[in-house]
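Input: a single structure, listed below in structure tokens.
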Amino acid sequence: MVLASRVALLSILACISSIANAELKLNVDYKFYSISPHHESEIIQELNSKSPIRKEGRVAHGITRVNLQWRPVMLPRSQACELTGIEAQLSLLYTLPQLELSTPNSELKTAFDTSYEVLHTHELGHGELAIQAAKAIESQLVGMTHSEGCAALEQQAIATAKQIYAHYKKMELEYDKLTDHGRQQSAVDTPIPAPNS
């Protein structure tokens, strides 16, 4: 793993530690598909033919699957019900290629590693956006109250969370547009728009 992915991973870990009080449970997993090119010029062809990822009639070389589930913790009070916390579970599944060579080839491995690191960093950016969405849900919902009781508060919280998640999905589309799905992305300095900005 080169420095770029380490930098991206460290930024995600920093973001995770900043939302530890939100009781976020984070599960990260990887799924790989294999490519076996014989020459550098065959890498793209192999990625296109071996990738299991199809989106809107196009082949994608990597994808991040996000599953965010949350539950409000509410406390009934004499005048109103208060949302005092969020129990959230975020699962991230990264699907990426891996190189399988029948014979060692350092030039081919270097070429693959370079493209892989940019793709991996791009997908980590999608994961970071999901973490930011979870953080935004926690920060905007905790402290909410409703005078008509906890059932009404829960409905209000769900509606607010849906708005936040819709904004997150919009930021994902903007991130892909900004980076051309990672094709125009610097592995180190591409800014990631925050979903609560």
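The values are calculated or read from the model by the stated rules, or taken from the named source; none is laboratory data. A quick note: this is a predicted structure, and the numbers were derived from the prediction, not measured. Using ideal geometry, Cβ is built from the backbone for each residue, glycine included, and neighbour counts are taken over all protein chains shown. Side chains included, ligands, DNA and RNA excluded: accessible areas come from the protein's heavy atoms. Shrake-Rupley method; radii C 1.70, N 1.55, O 1.52, S 1.80 Å.
Go through the range 57-104 and name the trypsin sites (Lys or Arg not before Pro) that are in a DSSP coil and have 14 or fewer other Cβ atoms within 10 Å of their Cβ.
Taking the range 57-104 and a limit of 14 other Cβ atoms within 10 Å, the loop trypsin sites (Lys or Arg not before Pro) found are 77.
Using a 10 Å cut-off on Cβ atoms, rank the peptides 139-148, 97-106 from the highest mean neighbour count down. Working shown, then result.
On the way: 139-148: 15.0, 97-106: 11.7.
Ranked from most to least packed, the peptides come out as 139-148, 97-106.
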Checklist entry - lysines near residue 109 by alpha-carbon distance under 20 Å, same-chain residues fewer than 8 away left out - which ones? => result 31, 50
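State in Å² the accessible area per residue of the range 54-182; use a 1.4 Å probe, count heavy atoms of protein chains only, and round to the nearest integer. Spell out each step's value before the answer.
Details: 6720 Å² over 129 residues.
Heavy-atom SASA per residue in the range 54-182 reads 52 Å².
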